[in-house]
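Below is one structure; the comments refer to it alone.
Where a number appears in this text, it was derived from the coordinates with a stated rule and is not lab data. If you're wondering where the values come from, they're calculated on a predicted model, not measured in any experiment. No Cβ is skipped: glycine too gets one built from the backbone with ideal geometry, and neighbour counts run over all protein chains shown.
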Amino acid sequence: MLLEHLGKSPLIDPSAYVAPNAVLCGNVTVGPGARIMFGAQVIAEGGSIRIGRECIVMENAVLRSSTAHHLNIGDNCLVGPNAHVVGSTIEEEVFLATGCAVFHGSHIGKGTEVKNQRRRPSEDPARRWHHGSHRMGRRR
């Protein structure tokens, strides 16, 4: 469902896919090859939302912006099911895991994974942000 809000309507690249029951509202731009899956809600409440090239916003994810906090998602990102992302900058090639929450003013760097579970020993801890740690970089 595409909804106008404050005189702005979503702009969707012709090569992008938006599921029939996804909601896009307001100043939303969806880039080439992106996929907005079933039940996703992309709501721009005064601010803008930009979803980059070949991003996937999975089932029931919620993306929001406000006048004070725009949301920009770089190219080749994956937003997992039930994730909640509000007014942030998400750089390229970021993985936001199932159910994670990213709040106003956050900046997630290129190649980062935001998870809800503990890291496996084989992972590079310098490239991970773990839910609840409130910081980027190595865990102690």
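Near residue 29, the amide H atoms lying under 5 Å from its own belong to 11, 49, 50, 51; only residues 5 or more places off or on other chains count, and H is placed 1.01 Å from N. First obtain the Kirkwood hydrodynamic radius of segment 1-127 from its Cα pairs, then insert it into the Stokes-Einstein equation at 20 °C and 1.002 mPa s, and state the resulting D in µm² per second as a whole number. The Stokes-Einstein estimate is 150 µm²/s. Annotation: amide H of residue 3 within the under-5 Å range of 24, 25, 26, sequence separation 5 or more or interchain, hydrogens built in the peptide plane. For residue 102, the residues whose amide H sits under 5 Å from its own are 84, 85, 86, ignoring neighbours fewer than 5 places away on the same chain, with H placed 1.01 Å from N. Can you work out the FRET efficiency for the pair residue 11 and residue 82, with r the C-beta to C-beta distance and R0 = 30 Å, to the nearest 0.05? Approximately 0.70, to the nearest 0.05.
Can you give the FRET efficiency to the nearest 0.05 for residue 101 and residue 68, using r as the Cβ-Cβ distance and R₀ = 25 Å? The calculated FRET efficiency here is 0.85.
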